[in-house]
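Structure first, then comments.
The values are calculated or read from the model by the stated rules, or taken from the named source; none is laboratory data. Note that the structure is a prediction, hence the values are computed from the model and not measured. Counting neighbours? That spans all protein chains shown, and the Cβs are built from the backbone with ideal geometry, glycine included. Please note that ligands, DNA and RNA were not included when accessible areas were found on the heavy atoms of the full protein model with its side chains. Shrake-Rupley method; radii C 1.70, N 1.55, O 1.52, S 1.80 Å.
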Amino acid sequence: MSLIPSFFGGRRTITDPFSMDIWDQFNDFPFSTSLSIPRTQFSNETAAFVNARIDWKETPQAHIFKADLPGLNKEEVKVEVEEGGVLQISGERSKEQEEKSDQWHRVERSSGKFLRRFRLPENAKIDEVKAAMENGVLTVTVPKEEVKKPEVKAIEISG
C-alpha cells in the first residue's frame, strides 16, 4: 500500500499500484508520438496497440526489424514492401468476445489495428526481404547489397 498526497488536502490511500484512475498528464495531449495521427482518432482501448514498438538495427549484411506483437499469429500480421522502398508492417488484434454472464474486473490488454512504415535505404535488396514470427516477435530481415570495394591497379613507375 502506498500513500499519495492529494491536491485537495489530506492523503489518499492507493491499494492497486497499477490503477489507471489516477490523473494521466498525457491524456488528451494534442500531439501524437507515432504515425502523426491525432490521438483522438483512436479509442483508449486501442491506443497502446496502435503504438506497436519496432526496433531497427543495421548489421554489415542486413537491416533487421523486430516488432513485439504478443498474442498475434502470423496470419494477423502483414509485411509489405511498397514501390519506392517503403517497408510496411501492419496487423490487427481482434477484441475479445464478451459474454452476458462475464463480469470484467479490469481490461488492460489492447486491441485494434496498427501500421508502421519505414523508408529503406538505397542499399536494401527489396526482392530478398524475409519475415519470421516466433513467440510473438516478428523479425523482418532486409539484406543489403554488397559494397564493392574500388579496384586498385598498381602502376609501374618508369625511369
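Before moving on, here are some points about what is shown:
- Annotation note: of Lys130, Lys95, Lys113, Lys148, the sole residue that is at pLDDT 95 or above and open to solvent by 100 Å² or more (accessible area, probe 1.4 Å) is Lys130.
Here's the yes/no breakdown for (1) touching a Pro at 6+ places or on another chain (Cβ under 6 Å); (2) among the hydrophobic types (A, V, I, L, M, F, W, C); (3) closer than 20 Å to Ile54 by Cβ:
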| residue | (1), (2), (3) |
| --- | --- |
| Glu82 | no, no, yes |
| Ser111 | no, no, yes |
| Ala124 | no, yes, yes |
| Val142 | no, yes, yes |
| Glu145 | no, no, no |
